[in-house]
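The values are calculated or read from the model by the stated rules, or taken from the named source; none is laboratory data. None of these values were measured; they are calculated from a predicted model. Backbone-built Cβ (ideal geometry, glycine too); neighbour counts: all protein chains shown. Calculation scope for accessible area: heavy atoms of the full protein, side chains included, ligands and nucleic acids excluded. Shrake-Rupley method; radii C 1.70, N 1.55, O 1.52, S 1.80 Å.
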Amino acid sequence: LVGAGGFGTIQTAINAATAGDTILVAPGSYAENLTIDKGLTIRGANAGVDGDHHANAESTLTWTSGDAVSITTTAAVVIDGMAFTGHHVITGTTPGLNVSFANGKYTLTADGDATNNFYFNDADHLSFTGNHMDITGYTGAFIQPVGDGGYANEITITGNTFVGHDGVAGADNV
């Protein structure tokens with residue numbers, strides 16, 4: 001458990017976890033950048049609840065520089081029911097990356113530098129499902145899965161809502 005008497009930060013819980021663990025994040029605001037180096041599930045207060053229908057107080061990750069999340073493993077990483085407030089959520093450059101962002105609520109302000117909010121180079125499995133995205137400002141691609149290493153075997157983008165950015169459809173699968 002992070003917060004509510006448990007670990008003080010999400011990163012401290014990640015460091016103490018073993019591969020395959022689930023980290024529960026209590027409602028609150030966590031100002032940090034995360035580095036995930038093993039297969040984990042991180043469950044915020046709204047895990048399992050579509051990002052458009054969060055009823056509980058949020059477990060919110062905020063950051064002011066760099067990426068919110070860095071994943072350096074090819075083991076499965078699941079981030080479910082978290083809120084993110086900032087810019088540049090992830091630049092995934094680990095070949096064979098296996099990550100799922102589910103049921104999140106994202107309030108992102110683009111830097112105006114044509115960089116990407118979610119960038120994946122040679123991801124093996126990428127799932128982006130049930131999220132609510134509110135984006136302000138000019139950005140490059142919102143999600144950009146690229147690569148030439150024979151990866152990008154499975155990419156799933158479903159059930160998401162995109163608002164707040166001119167020219168971005170308010171429906172699914174942008």
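All of (1) open to solvent by less than 50 Å² (accessible area, probe 1.4 Å); (2) assigned to a loop (DSSP other than H, G, I, E, B); (3) of a type in the set (A, V, I, L, M) hold for residue 61 with one exception: (2).
If you go through the range 4-32 and keep only what is out of contact with any strand residue (DSSP E or B) (no Cβ under 7 Å at 6 or more places or on another chain), of a type in the set (S, T, N, Q) and either under 20 Å from residue 81 (Cβ atoms) or not in a loop (DSSP other than H, G, I, E, B) (or both), you end up with 12, 15. Taking the range 87-102 as the range and being open to solvent by 30 Å² or more (accessible area, probe 1.4 Å), of a type outside the set (Val, Ile, Thr) and touching a strand residue (DSSP E or B) at 6+ places or on another chain (Cβ under 7 Å) as the test, the residues that pass are 87, 98. In the set (1) small (Gly, Ala, Ser); (2) farther than 19 Å from residue 72 by Cα; (3) buried (at least 19 other Cβ atoms within 10 Å of the Cβ), the condition left unmet by residue 26 is number (3). For the range 103-118, the candidate set comprises residues that are open to solvent by 30 Å² or more (accessible area, probe 1.4 Å) and modelled with pLDDT of 75 or more; within that set, the residue that is farthest from residue 55 (Cα to Cα) is 109. With respect to being out of contact with any strand residue (DSSP E or B) (no Cβ under 8 Å at 6 or more places or on another chain) and under 18 Å from residue 2 (Cβ atoms), residue 46 falls outside the description.
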